[in-house]
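Note sheet for the following structure.
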Amino acid sequence: MRTGMPHSSTRKTDSWLRQTGIVLAALGAADAFYLWLLKFTRNEAMCVGSHGCLTVNDSLYSEIGGLPVSVLGLMAYLAILGILVFERRSPLGAEYGPLAVFGFSLIGVIFSAYLTYLEFYVIRAVCPFCMASAVIMTLLLVLSVARLRQQNSCSD
């Protein structure tokens, strides 16, 4: 629970971290949508010189129960984006939003690590857009940890 008002510099830092998270989540959502579009259209020209993205996107591992992994990524990024955009609109969101973003991004990083392992060691092809998503999710995790640390330091 937060006690007292955070200092002005703390609010500015949190605002910067939150805004950066919003930008990253939007970029991740755009990337995931692009990968879904590639999956849907199978347009090799969208691979931008890399045949690896089509190989990865056509692999056995590109779907879970018939649902493209890119759609799962899109849903995760949109959830993070929604939390970041709306968390300040309620006391509950302000209190638990940073923890929720941490949870989503942690699961995203773990899943991205698994998918990256599959790319390198099982599929033996690398999708640059998938790698971009893994980097974005990792950056979101780092930001979420910074926000949680800051939130905890404000309550001390």
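We did not get these values from a lab; they are worked out from the coordinates using the rules stated. As the structure is a computational prediction, the values presented were derived from the model and not from experiment. Every residue, glycine as well, gets a Cβ built from its backbone with ideal geometry; the counts of neighbours run over all protein chains shown.
Residues in the range 116-134 that are of a type outside the set (D, E, K, R), more than 14 Å from the chain's Cα centre (by Cα) and assigned to a helix (DSSP H, G or I): 116, 117, 118, 120, 121, 122, 123, 128.
Residue count for the range 100-156, restricted to those that are under 19 Å from residue 56 (Cα atoms) and touching a Leu at 6+ places or on another chain (Cβ under 6 Å): 3. Screening the candidates 99, 115, 92, 143 for the property of being surrounded by fewer than 17 Cβ atoms within 10 Å (Cβ to Cβ) and in contact (Cβ under 8 Å) with a residue 24 or more places away in the chain yields one hit, 99.
Name the residues in the range 135-156 that are aliphatic (A, V, I, L, M) and under 14 Å from the mean Cα position of the chain (by Cα), would you? Across the range 135-156, the qualifying residues are 135, 136, 137, 139, 140, 141, 142, 143, 145. Scanning the range 19-48 for residues that are closer than 25 Å to residue 86 by Cα and surrounded by 19 or more Cβ atoms within 10 Å (Cβ to Cβ) returns 21, 24, 25, 28, 29, 31, 32.
Looking only at residues of the range 102-112 that are of a type outside the set (A, V, I, L, M, F, W, C) and surrounded by 18 or more Cβ atoms within 10 Å (Cβ to Cβ), we find that the one that is farthest from the chain's Cα centre (by Cα) is 112. Filtered by the rule that a residue be of a type in the set (D, E, K, R) and in a helix (DSSP H, G or I), the range 135-156 gives 147, 149.
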